[in-house]
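Data first, discussion second: the structure below is written as C-alpha cells.
The values are calculated or read from the model by the stated rules, or taken from the named source; none is laboratory data. Source: prediction; values computed, not measured. We place every Cβ from the backbone using ideal geometry, glycine too, and count neighbours over all the protein chains shown.
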Amino acid sequence: MPRPPKEPSGGRPTRERILDVALDLFATEGFEKTSLREIAERMGFSKAALYYHFASKDDILLALHLRLHELGAAAFEDIDPDRVDPSAWRGLFDRLIDRMLEHRQLFILHARNHDALKRIAHEHPKGEHEDLEERVRRLLADPAVPAAQRVRLACAVGSVMAGMIAAGDFFTDIDTGLLAKLVRGAVGDLIDPVVRGDV
C-alpha cells in the first residue's frame, strides 16, 4: 500500500492543494478531459496517493462545487433573514462581489463544466448548501418586506450571480478591478433607491 502524501510544513494542507490543482485543470482542460493521474503528476505523487483524500474524481468536483457555496454563505452570514435591513444591503453585496472576484476561477470551472456539475449535484445530497439557499429564500419571501424592496433585492442577487458566471466565460478579458466596479454599479442601480428610502 502506498503511503499517504506527506503534509507540507507551514503550507496549505494536501487536500486543499489537490483541490487547487484540480480547479486549475478542470477550468482550463475540462473535467472530462482531466485524469486523476494528471492531477497526481502535478502534485508530485502517485495516483494511488490521491485516494487517501478523495475516493474519485467526482468527489474532487463536488468539493470544488461546495467551495462556491461557502463563498456565498460567508457573505450572507451577517444577515438575519428574519430582520431585513436595507441599510445593510450595500455592505452585503460589496462583500459578496469581493469574495466572488477573488475566486474567479471557481466561476470559470462552473461555466465550463456545467453538465458534469449538474450530474454531481443530482447524484449527491445537497447537504451543506441547503442552509444558504433557505436563508436567501427567507430573505426574498418575507411578506412583511415591501414588494419593491424584495424584487430589487432579488434582481440584485441575480445580477451578481449572472455577472460572476459571465465573468467565468465571457468576461475573462476584463480586469478584475474593473469588473468589480462595473458589477457594483449595476447592483447599486437596483438597491441604492431602496437604501435611500425612495421605494
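Here Asp131 passes the criteria (1) in a loop (DSSP other than H, G, I, E, B); (2) loosely packed, with under 14 Cβ neighbours inside 10 Å; (3) in contact with a helix residue (DSSP H, G or I) (Cβ under 9 Å, 6 or more places away or on another chain); (4) modelled with pLDDT under 80 except the one numbered (1). Exactly one condition in (1) at pLDDT 80 or above; (2) part of a helix (DSSP H, G or I) is false for Leu139; which is it? Only one criterion is unmet by Leu139, namely (1).
Out of the residues in the range 165-199 that are touching a Lys or Arg at 6+ places or on another chain (Cβ under 8 Å) and within 18 Å of His103 (Cβ to Cβ), state the one that is modelled with the lowest pLDDT. Out of the qualifying residues, it is Gly168. Counting the residues of the range 166-199 that are in contact with a His (Cβ under 7 Å, 6 or more places away or on another chain) and closer than 28 Å to Asp85 by Cβ gives 0.
Going by the conditions given, is Val199 part of a helix (DSSP H, G or I) and of a type in the set (Val, Ile, Thr)? In short, no.
With (1) at pLDDT 90 or above; (2) surrounded by 15 or more Cβ atoms within 10 Å (Cβ to Cβ) as the list, and Glu41 as the residue in question, which single condition is left unmet? Among (1) at pLDDT 90 or above; (2) surrounded by 15 or more Cβ atoms within 10 Å (Cβ to Cβ), Glu41 violates only (2). Among the residues of the range 99-123, what is the count of those that are surrounded by fewer than 19 Cβ atoms within 10 Å (Cβ to Cβ) and of a type in the set (Phe, Trp, Tyr)? Of the residues in the range 99-123, 0 are surrounded by fewer than 19 Cβ atoms within 10 Å (Cβ to Cβ) and of a type in the set (Phe, Trp, Tyr). Only residues that are in contact (Cβ under 8 Å) with a residue 24 or more places away in the chain and of a type in the set (Lys, Arg) were counted in the range 42-60, giving 1.
Okay, residues lined up against (1) at pLDDT below 85; (2) in contact with a Lys or Arg (Cβ under 9 Å, 6 or more places away or on another chain); (3) not in a helix (DSSP H, G or I):
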residue	(1), (2), (3)
Tyr52	no, yes, yes
Leu62	no, no, no
Leu71	yes, yes, no
Ala74	yes, yes, no
Asp78	yes, yes, yes
Pro81	yes, yes, yes
Ala88	yes, no, no
Gly91	yes, no, no
